[in-house]
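Beneath this line is the structure, given in structure tokens, with notes to follow.
The values are calculated or read from the model by the stated rules, or taken from the named source; none is laboratory data. These numbers come from a predicted model, not from an experiment. Please note: Cβ atoms are built from the backbone with ideal geometry, for glycine as well, and neighbour counts cover all protein chains shown.
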Amino acid sequence: MKILTINNMCQEFMKKEILLLLFVCFSFTVYSQNPIVRDQFTADPTARVFEGKIYLYPSHDIPSPVERLKEWFCMADYHVFSSDNLIDWQDHGVIVSQENVPWVAPESYSMWAPDCVYKDGKYYFYFPSAPAGENRRGFAIGVAVSDTPYGPFIPEAKPIEGVGGIDPCVLIDDDGEAYIYWSGRGMSVARLKKNMLELDGEPTQIEGLPEGFKEGPFVFKRKGIYYYTFPWVKDKTETLAYATGDNPMGPFTFQGIIMEESPTGCWTNHHSIVEYKDQWYLFYHHNDYSPSFDKNRSARIDALFFNSDGTIRKVTPTFRGVGVSPATGKVHPDRFSAVSQSGTSIAFVSDENPFEGWKMKLEEKGAWVRYERVDFGEGGQQMVKARVQSSTGCTVRLQAGDTGRSVMTELEVPVTGSWQEITVPIKYAPKGIHDIQLTLIDEGMAEIDWISFE
């Protein structure tokens, strides 16, 4: 198995051939960092706050069952996920599929980026797809309606008249007026009628955006400013960019980049921006589980911040993501916050099944990896369990604490022929939230899948 150093990981991943497996799962919880859903592909993540939780409405990439889409995007349905801590995500299952929408071509596999909003007691789920019927070309945008944010959603019999394109986004302004944005033959906006199912007037083109390919609008309002954000190709792959204005229909003034192009060459990015518990977050996607095929993407989250003048600070993608990891859960050091400059690498635990995740390898004396924000609660944990393997045997020091990093224990990793779970007593367990660090303190090597405290 090829092990990838942190510095050359991105270039090498794009050369590898891996078998992509899909697991369709219903109503269960996964612990995760980035990517945030670790059992299936979740692209184009639209996040909304409903009922005190984050609800995530992504598209759902799948390996294509039809030859014509083997090298293209293939999506047959939508799941919805929810979380109250940004770490544990519950999959509520399929809410809309191409087979149960009357106007959608049932084998088009074109259920692309969606959105969902709440108004007057109902949840409105907006989604694009290829319409059925002879001589129908392009995409239309339809609506499904529910009494809850997780469904069941009932699709309308016809798509929205007057809308042709992809990537719907709906903004409900402070006065209750609703606006729908979409891309396709430019970037368009129109008012919605109070029933949220029909346009209230003719669409208009968005003005003030830079030249170049653009799609995937996401519009939100903060402190009286309308933020029109969008994927934009300025060179080879998509950045995330934004413009601002004082009217939801524009014109807008281009402000700059939120996230730069993917360092691994993933062609698309698609996003949403939401405030939750007094912190703003950027939801976006990357081809983490599919490094050699960028049409299978996975949702990520990182924190987003504003400058005092309302401009957005550039976001750098991380493996660690956001949220606080419980010490009693599985902490994956491969989703690190920081690593030493040499002696560390990550790779898939299984090349045959990328959804098993990654492993961290420490292979040089003094090599270390740090993982931020682990919650030990009231402390009292007595043991640490680790899933490890090593061809040499070695010792890994485990430390905790925001300053000084007190030694919790030393893990004596035996020579193993395969993965083993080892359990080691710890000297003390800190209280509250702390970073943890793992350091190789002698010659040898260790591969670590996860650690957990009990």
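Restricted to the stretch 66-113, and to residues that are aromatic (F, W, Y) and in a strand (DSSP E or B), which residue is nearest to P326 (Cα to Cα)?
Restricting attention to the stretch 66-113, the residues satisfying the condition of being aromatic (F, W, Y) are 72-73, 78, 81, 89, 103, 109, 112.
If we keep only those that are in a strand (DSSP E or B) too, we end up with 78, 81, 89.
Working: Y78: 29, F81: 20, W89: 14 Å.
Per the criteria, the residue is W89.
Take the residues of the stretch 292-325 that are buried (at least 24 other Cβ atoms within 10 Å of the Cβ) and more than 15 Å from the chain's Cα centre (by Cα): which is nearest to V349 (Cα to Cα)?
Ranking the candidates gives S325 first.
Which of the residues spanning the stretch 443-454 are farther than 20 Å from I346 by Cβ and modelled with pLDDT of 95 or more?
Taking the stretch 443-454 and keeping what is farther than 20 Å from I346 by Cβ, we get 443, 453-454.
Of everything in the stretch 443-454, those that are farther than 20 Å from I346 by Cβ and modelled with pLDDT of 95 or more turn out to be F453, E454.
Listed residues K2, K53, K15; which is charged (D, E, K, R) and modelled with pLDDT of 95 or more?
Working: K2 fails: modelled with pLDDT of 95 or more; K15 fails: modelled with pLDDT of 95 or more.
Among K2, K53, K15, only K53 is charged (D, E, K, R) and modelled with pLDDT of 95 or more.
From the list G265, G216, which one is in a loop (DSSP other than H, G, I, E, B), surrounded by 21 or more Cβ atoms within 10 Å (Cβ to Cβ) and either out of contact with any helix residue (DSSP H, G or I) (no Cβ under 6 Å at 6 or more places or on another chain) or at pLDDT 95 or above (or both)? Before the answer, list the steps.
Working: G265 fails: surrounded by 21 or more Cβ atoms within 10 Å (Cβ to Cβ).
Step by step, each of G265, G216 is checked, and only G216 is in a loop (DSSP other than H, G, I, E, B), surrounded by 21 or more Cβ atoms within 10 Å (Cβ to Cβ) and either out of contact with any helix residue (DSSP H, G or I) (no Cβ under 6 Å at 6 or more places or on another chain) or at pLDDT 95 or above (or both).
Select from the stretch 96-121 the residues that are among the charged types (D, E, K, R), over 26 Å from the mean Cα position of the chain (by Cα) and within 30 Å of E177 (Cα to Cα) and list them in ascending order.
D120
Having 1 or more residues that are buried (at least 21 other Cβ atoms within 10 Å of the Cβ), touching a Cys at 6+ places or on another chain (Cβ under 7 Å) and in contact (Cβ under 8 Å) with a residue 60 or more places away in the chain is the bar; report the strands (runs of 3 or more DSSP E) wholly within the stretch 386-454 that clear it. Please lay out each step first, then the result.
Values: elements: 394-400, 406-413, 420-425, 433-440, 446-453.
Strands (runs of 3 or more DSSP E) meeting the threshold: 433-440, 446-453.
Return yes when V189 is in a strand (DSSP E or B), within 20 Å of the chain's Cα centre (by Cα) and either closer than 24 Å to T311 by Cα or not assigned by TED's automatic domain parsing to the domain that holds P114 (or both) and no when it is not. Lay out the reasoning, then the answer.
On the way: in a strand (DSSP E or B): yes; within 20 Å of the chain's Cα centre (by Cα): no; either closer than 24 Å to T311 by Cα or not assigned by TED's automatic domain parsing to the domain that holds P114 (or both): yes.
When the stated conditions are applied, V189 does not pass them.
Could you tell me which of the residues P149, P159, P63, P58 is within 24 Å of the chain's Cα centre (by Cα), in a loop (DSSP other than H, G, I, E, B) and crowded, with 19+ Cβ neighbours inside 10 Å?
Criteria check complete, one pass: P149.
Within the bounds of the stretch 299-314, is there any residue that is touching a His at 6+ places or on another chain (Cβ under 7 Å) and not in a strand (DSSP E or B)? Outline the logic, then answer.
Our first condition is that a residue be touching a His at 6+ places or on another chain (Cβ under 7 Å); within the stretch 299-314, this holds for 299-300.
When the remaining residues are screened for being not in a strand (DSSP E or B), the result is none.
Scanning the stretch 299-314, I find no residue that is touching a His at 6+ places or on another chain (Cβ under 7 Å) and not in a strand (DSSP E or B), so the answer is no.
What residue, of R48, R38, is in contact (Cβ under 8 Å) with a residue 40 or more places away in the chain and either in contact with a helix residue (DSSP H, G or I) (Cβ under 8 Å, 6 or more places away or on another chain) or not assigned by TED's automatic domain parsing to the domain that holds K295 (or both)? Working first, answer last.
Numbers: R48 fails: either in contact with a helix residue (DSSP H, G or I) (Cβ under 8 Å, 6 or more places away or on another chain) or not assigned by TED's automatic domain parsing to the domain that holds K295 (or both).
Criteria check complete, one pass: R38.
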